[in-house]
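The values are calculated or read from the model by the stated rules, or taken from the named source; none is laboratory data. This one's a predicted model, so the numbers in the text were calculated from it and none came from an experiment. Positions of Cβ are backbone-derived with ideal geometry, glycine not excepted, and every protein chain shown enters the neighbour counts.
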Amino acid sequence: MRHTFVLPGPTLNLSQLVSAFSNKGFTTKETVVLSGTSLDPRICPRSGGDDNLSPLDKTTTVFYYAYFRDLKEKKGLLHSDQQLYNDGSTDSIVESYSINSATFFRDVTNAMVLDGKS
């Protein structure tokens, strides 16, 4: 069975982001771990810059949890990513993943097992 998931838009706030993932059967924790990258105005200015390219995180060749460290430093590339660490209900999850790679890798593995999610 093929599963399709259209990624949520980059401008969503935290509740919209959690809702988009929830509509596909994902928990809040799974939303955070699967997001695994506020816009940097040098890369993404409010106008122009349409041809600017940037990797979604600093680890373009490996699957790594540094993404969560970037969020804690307010260096999330997409607005919706930074919403995961913005004085909200998911801050503690980001904190956990930023310091504990074993927890991150366990949870991302579990979240990627679809178990009927569409």
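Among the residues of the stretch 93-118, those identified as acidic (Asp, Glu) and either touching a strand residue (DSSP E or B) at 6+ places or on another chain (Cβ under 6 Å) or at pLDDT 85 or above (or both) are 95, 107. Scanning the stretch 14-39 for residues that are closer than 24 Å to residue 87 by Cα, part of a loop (DSSP other than H, G, I, E, B) and modelled with pLDDT of 75 or more gives 23, 26, 27, 36. Picking from 70, 81, which residue would you name as being buried (at least 16 other Cβ atoms within 10 Å of the Cβ), acidic (Asp, Glu), modelled with pLDDT under 90 and within 19 Å of residue 6 (Cβ to Cβ)? From the options 70, 81, the qualifying one is 81.
Regarding the stretch 40-48, can at least one residue be identified that is part of a loop (DSSP other than H, G, I, E, B), at pLDDT 90 or above and not aromatic (Phe, Trp, Tyr)? No, the stretch 40-48 contains no residue that is part of a loop (DSSP other than H, G, I, E, B), at pLDDT 90 or above and not aromatic (Phe, Trp, Tyr).
For the criterion of being at pLDDT 55 or above and surrounded by fewer than 19 Cβ atoms within 10 Å (Cβ to Cβ), residue 11 passes.
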